[in-house]
1. Across the range 69-105, what is the total count of residues that are within 14 Å of residue 34 (Cβ to Cβ), over 12 Å from the mean Cα position of the chain (by Cα) and acidic (Asp, Glu)?
2. Among the residues of the range 95-105, how many are surrounded by fewer than 14 Cβ atoms within 10 Å (Cβ to Cβ) and within 10 Å of residue 71 (Cβ to Cβ)?
3. Considering 44, 14, 32, 51, which residue is under 16 Å from residue 92 (Cβ atoms) and over 10 Å from the mean Cα position of the chain (by Cα)?
4. So, of the residues in the range 18-53 that are modelled with pLDDT of 95 or more and of a type in the set (Val, Ile, Thr), which turns out to be surrounded by the fewest Cβ atoms within 10 Å (Cβ to Cβ)?
5. Based on what the data block shows, is residue 92 in contact (Cβ under 8 Å) with a residue 12 or more places away in the chain and buried (at least 16 other Cβ atoms within 10 Å of the Cβ)?
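The values are calculated or read from the model by the stated rules, or taken from the named source; none is laboratory data. The model shown is predicted, which means the values in this text are computed figures rather than measured ones. When we count neighbours, we look across all protein chains shown, and the Cβ atoms used for this are built from the backbone with ideal geometry, even at glycine.
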Amino acid sequence: MAARDDVERTDDGRWIVVDGRRWRAEDPSLDREVADRLRSHLGRARSAVGRAGSEAERRAARDRVQLAKEGLGERGDAWWELDERARAARAADRLGRLDELAPPR
């Protein structure tokens, strides 16, 4: 989920609260361009899940969602437990993999 000012956050900034449910916040240290590209991949992958015509297509799209969310720090190892270099490397790796699987338009 994109960092937004109108989203309730926990005091430590690690979580956002939506409809009373806590979700891991996006890594705030990510380069803006990298985060924007990961969010673009996330949106396209979520759309592909809905359009999938077979279970194989659905699985492939869900795998792309997972990669984007890992790159954004919303899944996988908690971003606050990694140093910034490891966080940037994870984002770059996931972005590269997503670009191979679903090249940007």
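1. Qualifying residue count, the range 69-105: 3.
2. So the count comes out to 1.
3. Going through 44, 14, 32, 51 in turn, just one is under 16 Å from residue 92 (Cβ atoms) and over 10 Å from the mean Cα position of the chain (by Cα): 32.
4. 49
5. On the way: in contact (Cβ under 8 Å) with a residue 12 or more places away in the chain: yes; buried (at least 16 other Cβ atoms within 10 Å of the Cβ): no.
No.
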